[in-house]
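Read through the structure below, which is laid out as structure tokens, and then see the notes.
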Amino acid sequence: MPVGNSDQNKRTLTNRPRLRYAPSPTGDPHVGNIRQAVWSWLHAKRYGGDFIVRLEDTDQSRAQPGADKRILDSLRWLGVEWDEGPDIGGEYAPYIQSHRLDLYHDHIKMLLKNDAARRCFCSPERLTEIREEQQANKLPPGIRDCCDIAPEDAEARAAAGESYVVRFKTPREGTTVATDLLRGDISFENSTLDDFVLLKSDGFPTYHLAHVVDDHAMDITLVTRGEEWISSLPRHALLFDAFGYDRPEYAHASVIKAPGGGKLSKRDGAKSILEYAEDGYLPETLLNFLCLTGWGHGDQTLFSRSDLLSLFDMSDITLASATFDHDKLAWLNGTYIRALDENVFVTSLKRQLELDLPVDVPRPLDEALIESIAPLIQERITLMTDAVALVDFFWQSKISTPPPEDFLVKKWRDRAQEASATLERVGTRLNDLPDSSWNTSEIEALLRNLAEELSLKAGELLSLVRTAVTGKRISPPLFESMEIVGKGLVVERINEASSSLS
RNA sequence: GGCCCCAUCGUCUAACGGUUAGGACGCGAGGUUUUCAACCUCGAAAUCGGAGUUCGAUUCUCCGUGGGGUCACCA
């Protein structure tokens, strides 16, 4: 395993920094968590450094099978690439903490030997008791002097198989000052700290130990994590000091709040990154949006991947916690869908429709048909999943004729007979249109002329036709749609609509 | 409650002692229009409160208020 940096070419915040994303495989990563990964990746790449993924699987009870894969998939979907990680290895392997137990144990031995840590044999019941007593006496809670066992005795009891944890011997007095890149120095009275656990009774390290050992071993220069870790910062500072290691820099990002205030949760519609993918969001949308909440750059709103790669700097992130703005996310997605290259849009539309269209529609879908439909809806959808509701009628040889009230609006209110007669007229005229003239402009000309003949406003006539042909009050552009649906089907639907109203 | 962090339009943010406090979402009005969108124009909308420091505070300091985090053998 490589040792620390050499003096020349020293890594710094803005020179080849090494940042890591250290998720626990306990479930799908949510937006706040994945934002951390995105930011770390961007900062590392902006300054020519490395981005590392390390799995923090030190809590066996919460581990979820398959979670590691879904975490990496989330990253890949967003376009985040890592230089070292559990799947690709690297110079500092392994990148899975459960494979690094020996390293933690060595560090524990070191601490025990220096009397900087102690074995604790207290039962959970006893610890609870201590806490309750502290609470009753209005003392700051925290396990300090739960047991005081001579090191030799402790070692003997451990050797005899008794269960124990290893705690850090936190100084009783003094002040620990730790630095946050964004907030500056933060000081903590040691008296408010506790003898926190380093090694659990199952032999796994806690986050505190693993973080310090691994981030040092992996030459991490900038640690980014959520604000909830600030209160643990002095513990980590003390630990780095105890090992004689240089402390890395830290940037604690604020949490993302729910629209109503408070933590963002599933209840607020917060989804995992993969769920956003399923719901029809584009990766570029999420990447942009994630950076837009908690970071900004002048007047710019739209940031491409390469914009971010050249502009993002961890020291510019916002301190105040941001609220998750679903509306803006949706708007962004619409914007990115509209900006999609035509061919790319066709491809993803095809994929989406094959997922969303009724099962009785034969797959694969006709590529040419998709190509003709795509331009009609590209600027009309916000999510890719919006498409199906707009275009399903193109695949239904038989649509159920909408109820009369869908036809009889505005001008046609209470005038079913008139509407029926008008539609019949439309059907006849369209039927007379030669097959060779069945195209958008001919159809448009015909219908506009007809409207004039009947002394109707174009919109009044088209409203009936739209509902008859598409089965919807709102649809893609009508003339184009009619051309695509085809003469036979169009005439048939119009006639059916006409008779349904008479 | 102790400790810690934070505070600009409803929301996301820009300003790094001097601006008519800017942009974006959303909202409202108008335009365009075959529906719906998209698009264009315009509009309303903010520096939490109070003391300081300074010629001058959104910006620096202190106090208050409000919000958040944390007090596990979870991360």
Antiparallel DSSP beta bridges within region A:161-288, percent to nearest 5: 65 percent
Estimated [θ] at 222 nm from DSSP helical runs (n ≥ 4, -39500 (n - 2.57)) normalised by residues in chain A, nearest 500: -13500 deg cm²/dmol
Partner aspartates and glutamates for residue A:350 [C-alpha distance under 18 Å; skip if fewer than 8 residues away on the same chain]: A:278, A:279, A:341, A:342, A:360, A:366, A:367, A:371, A:379, A:386, A:392
Length-normalised contact order of region A:397-502 in % [C-alpha pairs under 8 Å, at least 6 apart]: 45 percent
Rounded percent of accessible protein surface that carbon and sulfur make up, chain A, 1.4 Å probe: 48 percent
Listed residues A:213, A:139, A:375: farthest to the positive end of the dipole of chain A (Cβ charges): A:139
Long-range HN-HN contacts of residue A:223 with modeled amide H, under 5 Å: A:249, A:250, A:251
Full-stretch length increase - residue A:162, residue A:279 - with 0.36 nm per residue and alpha-carbon distance subtracted: 37.0 nm
Stretch gain in nm, segment residue A:500-residue A:448, where the contour uses 0.36 nm per residue and the Cα spacing is subtracted: 16.3 nm
Most to least packed among A:74-85, A:125-136 [average Cβ atoms within 10 Å]: A:74-85, A:125-136
Other-chain or far-sequence residues with amide H under 5 Å of residue A:199's (modelled H): A:166, A:206
Karplus 3J(HN,Hα) series, Hz, for region A:44-55 with 6.51 cos²θ - 1.76 cosθ + 1.60 (x for Gly, Pro): 4, 6, 4, 10, x, x, 10, 10, 10, 10, 10, 7
Chain A: antiparallel DSSP beta bridges as a percent of all, rounded to 5: 55 percent
For q = 0.10 Å⁻¹, Debye-computed log10 I/I(0) when each Cα of region A:203-350 counts as one equal scatterer: -0.49
Cα pair distances in chain A, grouped into 10 Å bins until the bin that holds the longest one, percent each: 3, 15, 20, 18, 13, 10, 8, 7, 4, 1, 0
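Could you tell me what % of all Cα pairs in region A:397-502 have separations over 22 Å? Show your work: numbers first, answer last.
Values: 1069 of 5565 pairs.
Above the 22 Å cut-off, region A:397-502 has 19 percent of its Cα pairs.
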Potential lengthening between residue A:315 and residue A:127 on full extension [0.36 nm per residue; Cα-Cα distance subtracted]: 63.7 nm
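Is region A:105-162 best put as rounded, prolate or oblate by its Cα gyration tensor, with a ≥ b ≥ c the root eigenvalues, rounded for a/c under 1.5, and otherwise prolate when a/b is larger than b/c, oblate when not?
Verdict is prolate for region A:105-162.
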Inter-site label distance for residue A:201 and residue A:458 at 7 Å from Cα along Cβ, in nm: 8.0 nm
Degrees separating the helix A:124-136 axis from the principal Cα axis of chain A, which is the longest one: 90 degrees
Distant-in-sequence amide H partners of residue A:182 (H built 1.01 Å from N, under 5 Å): A:252
For region A:14-133, alpha-carbon Rg over 2.2 N^0.38 Å: 1.33
Residue A:408 - accessible surface, heavy atoms, 1.4 Å probe, Å² rounded to 10: 30 Å²
Along each principal axis, Cα extent of region A:344-475, largest first, Å: 44, 34, 27
Burial ranking of peptide ranges A:285-295, A:424-434, A:170-180 (average Cβ count within 10 Å, highest at the top): A:285-295, A:424-434, A:170-180
For chain A, accessible area per residue (1.4 Å probe, heavy atoms of protein chains only), Å²: 47 Å²
Accessible surface of residue A:356 - all protein chains present, 1.4 Å probe, nearest 10 Å²: 60 Å²
Listed peptides A:340-350, A:206-216 by packing density, highest first (mean Cβ within 10 Å): A:206-216, A:340-350
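The values are calculated or read from the model by the stated rules, or taken from the named source; none is laboratory data. Model, not experiment: these values are computed from the prediction. Neighbour counts are summed over all protein chains in view; Cβ atoms, including those assigned to glycine, are modelled from backbone coordinates with ideal geometry. What goes into the accessible areas is simple: the full protein's heavy atoms, side chains included, and nothing from ligands, DNA or RNA. Shrake-Rupley method; radii C 1.70, N 1.55, O 1.52, S 1.80 Å.
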